[in-house]
Amino acid sequence: EAQIVSVQVGCKLTAAKELVRFANLLREKHYEGGLPSLNPSLRSLIPWAVDIQMGTDVREAFEDAIANCSNDMDRETAQQPFNAENNVDKITRLFGGEGDDIEEDMDTAIAETEGKLTADELGEALEV
């Protein structure tokens, strides 16, 4: 999932992995019944990453891409992991920096798919 986000958005793989890790925390809460209206999908992770990549604040981008689809209580609960683990600072740092080598990140993401996805499967996955 992180590889797809990284290639699709052109962000660092480590940044995409952090978004997926955070989304997985929210998914766990969803499946436990703690966030009944919030279950982030790959389709919501991509716009979140795009917004951050374009310079939007991490929290604002999260609200726009993911949380706006949920009820107020779930939106408030989803902010707790941000605060508990300093995820905003970490995600901001991972997406930060001018002149990131996007081609190198894409090569890394593609290389890490070896043995996991064929080129055709990756191409199909990117046509989300």
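The values are calculated or read from the model by the stated rules, or taken from the named source; none is laboratory data. The shown structure was predicted, so the numbers you read here are calculated from the model rather than taken from an experiment. All Cβ positions, glycine included, derive from the backbone under ideal geometry; neighbour counts span all protein chains shown. Heads up: the accessible areas ignore ligands, DNA and RNA and are worked out on the full protein's heavy atoms, side chains in. Shrake-Rupley method; radii C 1.70, N 1.55, O 1.52, S 1.80 Å.
Here are a few things to note about the model shown:
- Residue within the range 47-54 that is modelled with pLDDT of 90 or more and in a loop (DSSP other than H, G, I, E, B) present: yes
- Residues within the range 51-74 that are under 16 Å from Ile91 (Cα atoms) and out of contact with any Asp or Glu (no Cβ under 8 Å at 6 or more places or on another chain), tallied: 10
- Residue list for the range 28-44, filter: over 10 Å from the mean Cα position of the chain (by Cα) and not charged (D, E, K, R): His30, Tyr31, Gly33, Gly34, Leu35, Pro36, Ser37, Leu38, Asn39
- Filter result for Leu19 (open to solvent by less than 60 Å² (accessible area, probe 1.4 Å), in contact with a Phe, Trp or Tyr (Cβ under 8 Å, 6 or more places away or on another chain) and not in a loop (DSSP other than H, G, I, E, B)): yes
- Scanning the range 35-56 for residues that are within 18 Å of Asp74 (Cα to Cα) and open to solvent by 40 Å² or more (accessible area, probe 1.4 Å) yields Pro36, Ser37, Asn39, Ser41.
- Positions within the range 58-75 being open to solvent by 80 Å² or more (accessible area, probe 1.4 Å), modelled with pLDDT of 80 or more and not aliphatic (A, V, I, L, M), in sequence order: Arg59, Glu60, Asp64, Asn68, Asp72
- Selection of first residues in the range 56-78 that are on the phi < 0 side of the Ramachandran plot and of second residues that are β-branched (Val, Ile, Thr) and assigned to a helix (DSSP H, G or I), restricted to Cβ pairs under 7 Å at least 6 apart or on distinct chains, gives the following pairs, ordered by first then second residue: Val58/Ile52; Val58/Val88; Val58/Ile91; Val58/Thr92; Arg59/Val88; Ala61/Ile52.
- Of all residues in the range 26-43, those that are outside any loop (DSSP other than H, G, I, E, B) and hydrophobic (A, V, I, L, M, F, W, C) have Cβ atoms under 7 Å from Cβ atoms of residues that are open to solvent by 40 Å² or more (accessible area, probe 1.4 Å) and at pLDDT below 85, 6 or more apart or on another chain, in Leu42/Val128.
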